[in-house]
Amino acid sequence: MHKRKGHLKALLLALPLWAAGPAPLQAEEQPIVIGASLPLSGVQADAGREGQAVMQAYVDAVNRQGGIGGRPLQLKVLDDGYEPQRAAGNARQLIQGGAVALLSCWGSASCGAMQPVLQEAQIPLVGALAGTGPVRQPQGRYTYLLRASTLSEISAMVQQMQTLGQNRITVAYQQDSFGQNSLETARAVLGSHSLQPLSEIALEPSGGNAAAAAAQLARQPQLQGVIVLAGAPATVGLITAARQAQVGVQFYNLAAQAHQGVVKGLGEHTRGVIFTTLVPSPWRTALAVSKDYQQLLGAAGKHSASYMGMEVYLNVRTLVDGLRKAGSGVTRASLAAALDSLGEMHYGPMNIRFASGRHQGSNYVGLAMLNQQGHFID
C-alpha cells in the first residue's frame, strides 16, 4: 500500500503545472507576493499586457498545485507607461507592499531607474527586458538577467550581415537613452568589423517621423540592410513606410520587438524582417520548454505565442524555481541565495546559470525571420 502511495505521489509531481486540478489553499496562509512594473499603457502597452498575461497564467498554475509549501503566490502588477520614474516609484510601492521579489522590468531606462530602489531594499529582480544600462553594471547586482546583452544581439546581426555580404548598412535608432546607448553599441560593433554606417537616422518613439526616415532610406540606392534600434511604434512605422517607399532591403531588429503586437502592426509588410532571439523558439514543441510554454498558454485560453512571451515565461519560471528552493519561509535574502545555487538550467540551445556575483545567466542569441504570412522562421 505504501509503495502504491509513493508511486502516485511521484506521478503527480511529474505532471506539468497546468495538468493538475485545483488544489485548495489554506485561507490563513499569507501569500508570497511577487511584484512587477509593466508598460500596460503607452507605446509598449501591447507587449506589457502580453507579458502580464504570461506571468499571471504561470502564477495561477502554481497556485492550482498548492503554491509554495502551501502558501499561494500573489502577483501584483503596476502600470509604468514605459516611463522610467514611474517604474522606480512602482518598485518602491511594490516593495512597501511586501513583495519578496520583482519580476521582468521593461526597457533599459526603466530597469536602470529601478536599480537604486533594488539596492536599498536588497530585493532580487528576476528577468530584465534590457540589454544595456545599469542592469549590466555593478549597481545591477540584485538583478538576475536571463537575456544576453544588446552588444551580443547587435554582434549577431552584423555577423549575419557580413556572411550575406551586406556591408552598406544604415542604423535607425530611437531618440531616447535606450536608442542612444544602443547606437553607441552599434557603432562599436560595426567598427570592430571595419565598417561605418551609411547614415544614422533618429526615430521619434511614437514613429511620428517614420515617413521622413523612410524617405532617407529610399535616397540610398547602395543600401544593403538596416539595423533598427527602437520600440514597437517606431519599428512598425519605419518598416511600413520603407516598404511603401519600395525599400526592399532586410531590416534587423532587437529581440524585444519579436512579439505579436509588432507582427500585427506590420500587416502585409513582414517579409524580410529579421529579429534576434534570446530564447528558444516557442513553436518548436520538440523542445520540452517550448511544449510547456504552449501548454500553459492553451490552459489559460491564450494561443498567441511569441519570443517575448517565451522570455517572460522563462523569467517567471526561474523565479518560481528559486522560490521553491527557498521554501515557504522565503525572504529576500534567502531567495537570492536560492537563485545563486539553482545550478545550470538547460532549455534547448539556451543554458542559464547564476552564481554569487554572476547574474548574467545566458549569452544565447539566435536569429529569426518573419515570412509573408507573419510567421517566425528560425
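The values are calculated or read from the model by the stated rules, or taken from the named source; none is laboratory data. It should be emphasised that the depicted structure is a prediction, and the values quoted were computed from it without experimental measurement. Using ideal geometry, Cβ is built from the backbone for each residue, glycine included, and neighbour counts are taken over all protein chains shown. Ligands, DNA and RNA are stripped out before the accessible areas are found, and what is left, the full protein with its side chains, is counted by its heavy atoms. Shrake-Rupley method; radii C 1.70, N 1.55, O 1.52, S 1.80 Å.
The table below lists the values:
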| read-out | value |
| --- | --- |
| Conditions (1) among the basic types (Lys, Arg); (2) touching a residue at least 60 places away in the same chain (Cβ under 8 Å); (3) surrounded by fewer than 24 Cβ atoms within 10 Å (Cβ to Cβ); number of the one not met by residue 168 | (2) |
| Selection from the stretch 112-132 of residues that are modelled with pLDDT of 95 or more, under 21 Å from residue 363 (Cβ atoms) and not in a strand (DSSP E or B) | 124 |
| Conditions (1) open to solvent by 10 Å² or more (accessible area, probe 1.4 Å); (2) within 17 Å of residue 251 (Cβ to Cβ): number failed by residue 157 | (1) |
| Within the stretch 254-292, tally of residues that are in a strand (DSSP E or B) and buried (at least 24 other Cβ atoms within 10 Å of the Cβ) | 4 |
| Subset of the stretch 355-369 (residues that are modelled with pLDDT of 95 or more and either touching a His at 6+ places or on another chain (Cβ under 9 Å) or outside any strand (DSSP E or B) (or both)) | 364, 365 |
| Residues that are open to solvent by less than 10 Å² (accessible area, probe 1.4 Å), of a type in the set (A, V, I, L, M, F, W, C) and over 22 Å from the mean Cα position of the chain (by Cα), drawn from the stretch 219-237 | 226 |
| Any chance residue 121 is out of contact with any strand residue (DSSP E or B) (no Cβ under 8 Å at 6 or more places or on another chain), within 21 Å of residue 333 (Cβ to Cβ) and among the hydrophobic types (A, V, I, L, M, F, W, C) | yes |
| Selection within the stretch 184-210 - open to solvent by 70 Å² or more (accessible area, probe 1.4 Å) and part of a helix (DSSP H, G or I) | 184, 187, 192 |
| Residue count, the stretch 298-321 (criterion: outside any helix (DSSP H, G or I) and open to solvent by 10 Å² or more (accessible area, probe 1.4 Å)) | 5 |
| Test for residue 295: is it touching a residue at least 24 places away in the same chain (Cβ under 8 Å), open to solvent by 10 Å² or more (accessible area, probe 1.4 Å) and part of a loop (DSSP other than H, G, I, E, B) | no |
| Criterion violated by residue 40 - all others in (1) at pLDDT below 95; (2) in contact with a strand residue (DSSP E or B) (Cβ under 9 Å, 6 or more places away or on another chain); (3) open to solvent by 10 Å² or more (accessible area, probe 1.4 Å) satisfied | (1) |
| Filter result for residue 140 (touching a helix residue (DSSP H, G or I) at 6+ places or on another chain (Cβ under 7 Å), surrounded by fewer than 24 Cβ atoms within 10 Å (Cβ to Cβ) and touching a residue at least 60 places away in the same chain (Cβ under 8 Å)) | yes |
| Answer from 314, 319, 278, 287 - the residue that is more than 24 Å from residue 150 (Cβ to Cβ) and hydrophobic (A, V, I, L, M, F, W, C) | 287 |
| The stretch 43-64, residues that are of a type outside the set (A, V, I, L, M), assigned to a helix (DSSP H, G or I) and at pLDDT below 95 | 46, 48, 49, 50, 51 |
| Evaluation of residue 342 against (1) open to solvent by less than 30 Å² (accessible area, probe 1.4 Å); (2) in contact with an Asp or Glu (Cβ under 7 Å, 6 or more places away or on another chain); (3) outside any helix (DSSP H, G or I) (one fails), failing number | (1) |
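Results for (1) aromatic (Phe, Trp, Tyr); (2) open to solvent by 10 Å² or more (accessible area, probe 1.4 Å); (3) touching a residue at least 60 places away in the same chain (Cβ under 8 Å), shown as yes or no for each residue.
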| residue | (1), (2), (3) |
| --- | --- |
| 113 | no, yes, no |
| 127 | no, no, yes |
| 133 | no, yes, no |
| 144 | yes, no, yes |
